[in-house]
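The values are calculated or read from the model by the stated rules, or taken from the named source; none is laboratory data. This is a predicted model, so every value here is computed, not measured. Cβ placement follows ideal geometry from the backbone for every residue including glycine, while neighbour counts extend to all protein chains displayed.
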Amino acid sequence: MTEQITEQFQWNFPGGWWGLAAAALLLVLLVAVSYRYTAREIRPYQKIVLATLRIVFCALILLCLVNPRIETERTFTDHEDMKIAVIFDESGSMLKPDQWKRSRLRDALGYWNDHVKKDSKHQTYEFYRFGNALRQTSAFDEPPQESNAGQTNFYDALTDWCGRFGAGKYGGVVCFTDGIDTSLTTQDTALNALDAVGIPHLVVPMTNELAAPPDIRFRKVESPTHVFTHTENGLTFLVRCSNMVQNTKPKFELLKDGNVVYSAEIQPGTGLRTFKYRYPAALAGTDRMTARITASDRVRDSVNWTIEKTEAQESVNVLMYNGALDFGTRFIRNAFADDKSVKLDVRFANGVFPDHTRYGSPFPNADDLKKFDVLLLMNMRRGELPKNAEKDIYEFVRNGGGLLFVTGNPGTAREYAQSTLEKLLPVKFDANAPADPRSDPETSRILREIARGVSPTRFDNAVRSRKEFAFRPPPLYKFELTDLGRKSPIFNHKSSDGKTVPVLPEFQDEALVESLKPGANLLAYHTLNGKQNPLLAYQNFGSGRSMVLAADPLWRWRLNLPANDHSYEIFWKNTLSYLGAGRNRQTRWIVPNFAAGNGVMTLYLEPGPFITDPSLLTCRLEEAGGAEKELPVTFEGNRIRCSFPIKNDVEYTVRAIYDKKPAAELTFSTLAKDSGELESRILEPDLAALEKFAALPQVKIVRDDELVLADHFNRADIELKEHSSRPLWHTPLLFLLLAAVYLLELILRRVWKLI
């Protein structure tokens, strides 16, 4: 613990030095004038004595008012103790001995014991092991658990300890591993978990060489199962090599309907190899795809799947439901007046117009909503939605619909805080936002007149004479785009010469957003009082998308543009087309990247919007060379789940039959894999995976001969402050002096017969 003492001279008087000087001068002049002209003539020396006593008295009073003092601050600083998790990989690759009869786990334990400088006074250490699963141990050198070494679930274990250690308030993690993961899990989940928790990680790679037989197989396959015609789609294949030699001539091949469309030689050695292919979809239909690896003229691994090609939906059906009269409605309707790609149905809520006009429309029920691809809610107060509307909107989005919630009114936005509708939106609204409506009372008055049936041209002359030349439009603010926003199709447009032109809106009003939800994607924001207030954000919800535009509907922006600038229309067309993509799909199977043999396979079917009666849907399984059998299905929300046992190295076909007609088909192969095989074959340390984790700011790879933990884990400072004040004038002696001067003046005035 350290202690620091600071002392400062302090005093207080209104106006500071100038105020004190003015008060002192005023008192001196007042006393001098008082004794210069007295009601009874006295001798000059008497005047001088009495004036001096009075000036001394006033000076002492001023000193009391100034309150001079010494302020002392004592600061005590200490460091908070820290809890650190120490994790050892005890998988098969870590337990296998090398030619010197030493295993990687033994080297890791020796490094911790002999080469790590610990700070036991301020740090406590808890020990963990992982292989099949993460487990806690009582000591760092506890014997390994053989039953935990069958498979290296490194990425799953990392995801597990991020959640566990984040809740347990650990200050740091030290991990000893060779980086190998033999499960079917991808790095993405582990990277996201590691990035979210923010705990500093030190990774010590264990790299001593182990003898392993040659091995080559797929590590990951990324491919869409459903694409639209006249598009190109990216396919990515990751191949893991272990000790592959040149004379085996390893090769990667991609086949479509049995014909090779792409092939590439695989570089021998050990590590991951990546292959990419742009898959063109010209005509509608189904392509049967096969990715395979050959070595020594023999197929070593293969994966089969299907890609369904369908025509894109010609138009997007949009319901624009308004909760208030807004000039933005007119501009949006005009933007799509001659656009056949968007069918716009504009409705106003009951109460917007007087009842006798019959312009209002009730909110559509769940069945009516199914007729639309996108629901655009414009300036809707929560009280204008009927009781079941929020639940119906929730189901509409979850089943593939697109929702765009537009409001630039902070008072409207705050009504939806913690509501059912907010649960499916990508943001949380600020419940403490100001409740004031938009600040243009003249516009509100004119809109009320229009609602009553008054012609827009019949406003009083006073308005026209007052406002025509005196009105100045309020300032417009530009959307500030995130990296994702700059890449988004919403803010980009291809010009006639083929160049990509940015589309950058401006706005006037904005609603306050408390925060983005986890998993939401922020496209645009506005910096307000030093804080980024989200303006446009979206998230995938179920099979659909929800989006929030926390600003006015941008019609004011359009008025400031030249007549030949159609950026406004482009923005709205891009937005509604993007939201309508959730309904623009067909029935399809979700294809697994891998299927491990001798286990249970789980597949999901997305039925699409055209399968309306689940009782007419059946799923069937066909094993290569075997009979077809019906599968039991379970409905989970808008998806259908099928589970069935699978064997080693077998090809399967799964079909969905709707109303006695084929709806979707999937063919896949299981991997020839038995328990523990990969642990004995994949022994090369995966330093590339560790380097990818080390790209995060809180992760560091340590290769030093000595590791000093105190240099990497900074303990939080605990600071305590103690204030004290010592007065310089407010003492008993000062008050006695004040009383003495005052009494002496009274005595002299009595002696000299002035009182």
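Couple of notes before you dig in:
- Residue match in segment 199-222 (condition: farther than 30 Å from ARG106 by Cα and outside any strand (DSSP E or B)): no
- Some residue of segment 162-170 being assigned to a loop (DSSP other than H, G, I, E, B), out of contact with any strand residue (DSSP E or B) (no Cβ under 7 Å at 6 or more places or on another chain) and hydrophobic (A, V, I, L, M, F, W, C): no
- When each of LEU733, LEU738 is tested for being in a helix (DSSP H, G or I) and surrounded by 12 or more Cβ atoms within 10 Å (Cβ to Cβ), the lone residue that passes is LEU738.
- Check on ALA366, of a type outside the set (Phe, Trp, Tyr) and touching a residue at least 60 places away in the same chain (Cβ under 8 Å): no
- Matching residues, segment 293-325, being closer than 17 Å to PRO214 by Cβ and in contact with a Leu (Cβ under 8 Å, 6 or more places away or on another chain): ASP301
- Boolean, ALA739 is farther than 27 Å from GLN8 by Cβ, within 31 Å of the chain's Cα centre (by Cα) and either at pLDDT 80 or above or of a type in the set (Lys, Arg) (or both): no
- Only listed residue being touching a helix residue (DSSP H, G or I) at 6+ places or on another chain (Cβ under 7 Å), in contact (Cβ under 8 Å) with a residue 40 or more places away in the chain and farther than 30 Å from PRO354 by Cβ, chosen from SER296, SER302: SER296
- THR177 vs. criteria loosely packed, with under 15 Cβ neighbours inside 10 Å, in the same structural domain as ALA85 (by TED's automatic domain parsing) and in contact with a Phe, Trp or Tyr (Cβ under 7 Å, 6 or more places away or on another chain): no
- Among residues of segment 629-648 being of a type outside the set (A, V, I, L, M, F, W, C) and within 22 Å of ILE307 (Cα to Cα), the one that is surrounded by the fewest Cβ atoms within 10 Å (Cβ to Cβ) is SER643.
- Of all residues in segment 295-322 being at pLDDT 85 or above and of a type in the set (Gly, Ala, Ser), the one that is surrounded by the fewest Cβ atoms within 10 Å (Cβ to Cβ): SER296
- Residues (in contact with a helix residue (DSSP H, G or I) (Cβ under 9 Å, 6 or more places away or on another chain), among the aliphatic types (A, V, I, L, M) and free of Cβ contacts under 8 Å to residues at least 60 places away in the same chain) located in segment 696-755: ILE755
- Residue match in segment 398-407 (condition: crowded, with 22+ Cβ neighbours inside 10 Å, out of contact with any strand residue (DSSP E or B) (no Cβ under 7 Å at 6 or more places or on another chain) and at negative phi): yes
- Close pairs from segment 622-637: first touching a residue at least 12 places away in the same chain (Cβ under 8 Å) and farther than 18 Å from ALA664 by Cα, partner among the basic types (Lys, Arg) and outside any strand (DSSP E or B), Cβ under 9 Å, at least 6 apart: GLY637/ARG398
- Where helices (runs of 4 or more DSSP H) fall wholly inside segment 310-410, the ranges with 1 or more residues that are closer than 21 Å to PHE507 by Cβ are 327-335.
- Residue count for segment 413-430, restricted to those that are closer than 19 Å to ALA389 by Cβ and under 17 Å from the mean Cα position of the chain (by Cα): 5
- Test for TRP100: is it free of Cβ contacts under 8 Å to residues at least 12 places away in the same chain and aromatic (Phe, Trp, Tyr): yes
- Of the residues making up segment 329-349, those that are touching a helix residue (DSSP H, G or I) at 6+ places or on another chain (Cβ under 8 Å), surrounded by fewer than 20 Cβ atoms within 10 Å (Cβ to Cβ) and at pLDDT below 85 are ARG330, PHE331, ASP339, SER341, VAL342.
This table checks each residue for (1) in a strand (DSSP E or B); (2) charged (D, E, K, R); (3) at pLDDT 80 or above.
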residue: THR612; (1), (2), (3): no, no, no
residue: GLU630; (1), (2), (3): yes, yes, yes
residue: SER643; (1), (2), (3): yes, no, yes
residue: ASN648; (1), (2), (3): no, no, no
residue: ILE657; (1), (2), (3): yes, no, yes
residue: GLU665; (1), (2), (3): yes, yes, no
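- Strands (runs of 3 or more DSSP E) within segment 503-554 that include 2 or more residues closer than 18 Å to ARG486 by Cα, touching a strand residue (DSSP E or B) at 6+ places or on another chain (Cβ under 6 Å) and not charged (D, E, K, R): 521-528, 531-541, 544-549
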